[in-house]
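Okay, structure first, notes after.
We did not get these values from a lab; they are worked out from the coordinates using the rules stated. A quick note: this is a predicted structure, and the numbers were derived from the prediction, not measured. Heads up, the Cβs are rebuilt from the backbone with ideal geometry, glycines too, and the neighbour counts pull from every protein chain shown.
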Amino acid sequence: MLVLKICIIIGGILSVFMIIFHSQFYKLFNWKKDFERITQGNQKIFYTIHFALIFLFIAFACFSLIYTDELSQCTGVAFGITLSYSLFWLWRTIWQIIYFNPHKSNNVQKLVFLHYFLVFIFLMLFIVYLIPVIFKIFGKY
């Protein structure tokens, strides 16, 4: 079904945007200054986790754009992958709302737009990966 393929493609494209966004964190969030205050070991851990996350987004994007048909049909392991992507983005949406609440920060003005924009993007990623799963579960495909 074309709608399900479009959902997976949108997920892949949004994942590419997440790759681009995350690749700019060093500049956007002035990590050079912040990293001067932490140990070299913690710097390495932080970079490692961040690069692993970027790699995960690359995998999301590649799988979504290369294996669109399989993921949209949610058969076999594609069901688990698509469901996992969806649940990842649900978790990330909830985490953004609770943990990164801009009203608990000193730079409220600067962060409010970014916060709600990210909530919107994460919610969209959750939904576009969930739709094929719902169609598979309820037999609409």
* Structure fact -> Over the chain, the sum of -39500 (n - 2.57) across DSSP H runs of at least four, divided by residue number and rounded to 500 deg cm²/dmol, gives at 222 nm -27500 deg cm²/dmol
* **Lysine pair number, Cα distance threshold 22 Å (strictly under), the chain, separation 8 or more or different chains** => 9
* Structure fact -> Listing Ser64, Ser84 by rising number of other beta-carbon atoms within 10 angstrom, fewest first, gives Ser84, Ser64
* Structure fact -> Counted neighbours (other Cβ, 10 Å), sorted fewest up, put Met1, Met124 in the order Met1, Met124
* Restricting attention to region 1-51, which chymotrypsin sites (Phe, Trp or Tyr not before Pro) occupy a DSSP loop and are surrounded by at most 14 other Cβ atoms within 10 Å? -> Phe29
* Sorting His103, His22 on the 10 Å Cβ count, fewest up front, what's the list? -> His103, His22
